[in-house]
Amino acid sequence: MPDLFTSHSWCLDLPFVISISALVCGAALSNPSTSYSDIGDRDTYNQALWWGAAHPGDPPGTNGCFSSNRTFETCCVSWTGELPTCWEKQGAQMERMEGSNLTYDACCVAKHHWAPRSFSCDGKSMYWQRLYQTLALFRVFTELHETPLNQASPQECLVGGVLASILSLIHIGYDRQYRTQEQKDMDYERAEGLLLVLFSSPVTLEEVLVSGWPLFLSLDLFRADEGFLQMARQRLPLQTPGEHTLKWSEVVVKSIQNGQGSRIAMEPVIRLGNSITKSGDVALAQLVPILTALVEYHNLRNFQCPRSDQGEVIALAMEAKRLITFVDTQLRQWMIAVKRPLSLLISLKLPLVNLLQAVSWPAVVLTDPGKVLQTSVHFPGALLLKRVPFYKVRELPLLVQHVHPGFDAASNMVRATAQPMCYQEGFLQLILSMASMASSGPSSPSSRRLRLWDVGASYGDCLLWAAAVLDPLKDLELRGFEPLPAQALAFRQSAQVARAQVTVENMALRDERGTLDIGFPSHSMALATFQSCRKQYEVPSNNEYQCISRTTTSETLDEYLRRLAPVELVDLLKVHVQGDELSVLHGANASFTSGRICGLHLNLEHFYLTPGAARMISNLLRRSGFIGVLVNLWDVRPVNFLNLKSAMVRRQPFWRRGQRPAPEDMTHELLAWSTTEGCRDSLVVNAAQKLWTAQADEQAQEIDSLQEQLQSASRATTAPTSREALDAEPWATLTGDGWRQKPSMTLLEERSTRQLEEVRHAALQSEAQISRRGKEAEAQKELEEQRNLEAELQSELRAAEVELAKIAEEANNKIEAANLRIRSLRREREEANNALEERRQGNQKLQAMLEEIEQEKSQLMEQKEALIRIVEDLHSSCTQAGLPATDRASIDSITGFKMPS
């Protein structure tokens, strides 16, 4: 094995590979003969190529390569070590019959001008769809009871089957008492062999990364298990890197973890490479260019490309593709040479798996909006067509969706389902009804611009889906408001290639203008909220989810409308802001009452956080002349106080394939529309009326009944005197000829206090009569809910008291620890001062000694000079006395002088 690692026969030079890839890729892209007829929209395919997104269609020139009997797994994957033979037999016959040239190289081997092929196996069977979404969304394995891992055949779905075989090894770790060592070894060897088959197949590394199967994340989890590490080391013993290499490897791992959605620092990677090179480990040195190229690829794909103009994206994307091609070439040959890729990836101490995991979160996904209308394992989309039977189903174009380039629940949902994450059932029905009416041509209700605004747009899934469905409408304005900068940036990138006019505002709409912080849990930016993120997510998860804060700006909708479009109407205002809905509505009060908003879609799932929310919403709708319904895919109810209150209870959305949810599990959305004159021709209003006229009429009948009783109780006058009373109850009546006008405010203010009390009393009686119509059970239910709420509040109070006690205890402990630390620091400071003083005194002594030495040196120099003068004088005297000079050996010594005899 060491000889194999030290071999350089399969090492490639990075600049050489990049230059060759550039020539081949450039030639392929510039080839005008390339056909896109079999992949649909060429622009969409180019976007997939540039962004490295998996494209579900066949690559250019491969139309007819595969069929139900000729799959990629059977005809392109070598299961026995030899190339499949189906091309030799059936390919020749097809060539004669159809004039085609179907070969292994043409159909199986990826080309540089191809976008990554899709290997999600989404269209194969419901088993694979369920398994894919369970694993891609990182759900617990207990949900796999209907999709057991041992039924995932790699011959049917290559990447998914290989991952399933690896994950089945978990049973080795947890079923030790039921499995023999021989069975465990067989399972491990099977997973090892299948992973080698994958690396030997024509599936590229880029295609594995964007497939959605969490292969490298699973391998990273295995690396943390000592049992699997031991099994890997037994099969492939590797030399442990040096301490310096391990240190920089850990630094790189931390840089990767901190680099989601941003750059991964290159400096620690370079230092790691230098450490490996200095260690002389030739085997690990082969990984240095791979690690460097992966970091560059990550930074290009996930940081530079999303922040660049469209013109720059192409050059950056081609550079990223060349880098991942180089990594694929190097890594594939290494895995094949080692022959034990599973053991190598598990036991390797360098951050290779971490980097592969980091680049497996694609920032761009091609989504199919038509899939929303299909029943899947998580959403009964086919029911939409039953609720809107008059919608004519047509083929919708693929969408280019930008998501968060890292771990994020909403982004993972888009990746796993390959469809926009828009499952708000009332909104979907309304858009389908609008599309049906718009497709009727000149008979459509309105010819003016249609405006749909989404407050809390997140990544823009719902507006992008609406844009695809409403594509026949040429004059369509979509506007999204998103306070988080990262999500707004992703939405804006998606909007650049959308067919409709889409505007993205990086701001929040609330009840006042200002700058404030918004928090979101670490696992999902789509759950960003202004309503105590820590209380909603951090505390219930036992700090598993950490809340992250970002600063954003806010403005009221009234101010925004006055500034942007003083006279225009908003056909639909969609609000989904995680508990801040009432703040948005308060900031839009003037727009509602003045008739500037024609339709309202409201999520009710977070209104349980706001006491009295049902009364506030009910009053707002009545004041503004709105009627509406509470809707989901199974139930439609008219809007009234009791229905609103029962809907504002926290529930987890529940749906199991083939089953209707129980009433207590149903969540409802509010859809309301204006009946004012200015909104009569709005497509939103007409589509809503077409869908829910009967339920809205029931609400109108209740209003009529209440109006008649109020008028009979006050025949002498026409309305109550109090302006507040007018705001609290509906005084306009819906008739066949339209809304009757409200009485003037002057007459209302002339009412006496006695008559006002009579009207209020009559209103209470009429409301009681309405509520008694079969509502006794609901009243009992409401009482029970209040009791449950009281119990929950008591439980929360006790929990809060316990938490407060814990916090107080922790605070005391921290204070005590801080005091101890302070005392310790004081002692250290005193010791340091004493040591400093001692050193200062020592320095002073040394300085004094140095001065004494300098003085002695000066004295010695003076003595030397005096001695030299004496010697010179003696020499002069001897010369004058006639003593011979030739016999003198040195003037520095008088011992050599010869005295005269």
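The values are calculated or read from the model by the stated rules, or taken from the named source; none is laboratory data. Quantities reported herein were computed from a predicted structural model and do not represent experimental measurements. Please note: Cβ atoms are built from the backbone with ideal geometry, for glycine as well, and neighbour counts cover all protein chains shown. The protein model used for the area step is the full one, side chains on, heavy atoms only, and it has no ligands, DNA or RNA in it. Shrake-Rupley method; radii C 1.70, N 1.55, O 1.52, S 1.80 Å.
Quote the Stokes-Einstein diffusion coefficient, in whole µm² s⁻¹, for the range 376-424, based on the Kirkwood radius over alpha carbon pairs, a temperature of 25 °C and a viscosity of 0.890 mPa s.
Details: Rh = 12.8 Å.
For these conditions, the coefficient is 191 µm²/s.
Relative protection proxy for 547-558, 363-374, 425-436, 491-502, from highest mean packing down: 425-436, 363-374, 491-502, 547-558 (other beta-carbon atoms within 10 angstrom). Near the amide H of residue 606, within less than 5 Å, lie the amide hydrogens of 579, all on another chain or at least 5 residues away, with H placed in the peptide plane. As an equivalent ellipsoid, the range 486-568 spans semi-axes of 29, 18, 9 angstrom, where each value is the square root of five times an eigenvalue of the C-alpha gyration tensor, largest first. In the distance distribution for the range 810-857, Cα-Cα pairs more than 17 Å apart total 59 percent.
Look at where the Cα atoms of the range 276-297 and of the range 321-376 average out, and the two centres are 18 Å apart.
Of all the C-alpha pairs in the range 590-649, what % are more than 14 Å from each other? It would help to have the intermediate numbers written out before the result.
Working: 996 of 1770 pairs.
Summing the P(r) tail past 14 Å for the range 590-649 gives 56 percent.
Taking amide H as placed 1.01 Å from N in the peptide plane, residue 375 has its amide H under 5 Å from the amide H of 381, 382, each at least 5 places away in sequence or on another chain. Packing, as the average of other Cβ atoms within 10 Å across residues, places the peptides 71-79, 391-399, 53-61 in the order 53-61, 71-79, 391-399, highest first. Treating each Cα of the range 241-397 as one equal point scatterer and applying the Debye formula with no solvent, the log10 of I(q)/I(0) at q = 0.15 Å⁻¹ comes out as -0.85. Solvent-accessible area per residue in the range 291-362 equals 26 Å², computed with a 1.4 angstrom probe and all protein chains kept. Computed with the Debye formula from one identical point scatterer per Cα of the range 540-590, without solvent, the log10 of I(q)/I(0) at q = 0.14, 0.21, 0.28 Å⁻¹ comes to -0.53, -0.89, -1.21. Probing with 1.4 Å while keeping every protein chain in the model, the per residue accessible area of the range 471-617 equals 41 Å².
Within 10 Å of each candidate Cβ there may be at most 15 other Cβ atoms; applying that plus a DSSP loop requirement, which GluC sites (Glu not before Pro) in the range 501-538 survive? Loop-located and lightly packed - 512.
Scalar couplings 3J(HN,Hα) for the range 597-604, obtained by applying the Karplus form with A = 6.51, B = -1.76, C = 1.60 to θ = phi - 60°, are 10, 9, x, 9, 10, 9, 7, 10 Hz; x denotes Gly and Pro.
Figure the gain on full extension for residue 634 and residue 805 (residue separation times 0.36 nm, minus the Cα-Cα span) and round it to one decimal in nm. Mind dumping the intermediate values first?
On the way: separation 171, 0.36 × 171 = 61.56 nm, distance 4.63 nm.
Result: 56.9 nm gained on full extension.
In this simple spin-label approximation, residue 240 and residue 125 carry label points 7 Å from Cα along the Cα→Cβ vector, and these lie 4.7 nm apart.
For the range 403-528, with all protein chains present and a 1.4 Å probe, just round the carbon and sulfur fraction of the accessible area to a whole percent. Write out the running numbers ahead of the final one.
Values: 1850 of 3790 Å².
Result for the range 403-528: 49 percent of the exposed heavy-atom area is carbon or sulfur.
The Cα trace of the range 257-349 gives Rg and Dmax of 15.0, 44 Å, the first to one decimal, the second as a whole number. Taking all protein chains together, 814, 247 sort by accessible area into 814, 247, largest first [probe 1.4 Å]. Residue-wise HN-Hα couplings along the range 852-866, as the Karplus relation 6.51 cos²θ - 1.76 cosθ + 1.60 with θ = phi - 60° gives them from phi, are 4, 4, 4, 5, 4, 4, 5, 5, 5, 5, 5, 4, 4, 4, 5 Hz; Gly and Pro carry x.
Taking every Cα-Cα distance in the range 435-543 and sorting them into 10 Å bins starting at zero, the pair-distance distribution P(r) comes out as 13, 37, 27, 16, 6, 1 percent.
Each label point was placed 7 Å from the Cα along the Cα-to-Cβ direction; for residue 551 and residue 180 their separation is 6.8 nm.
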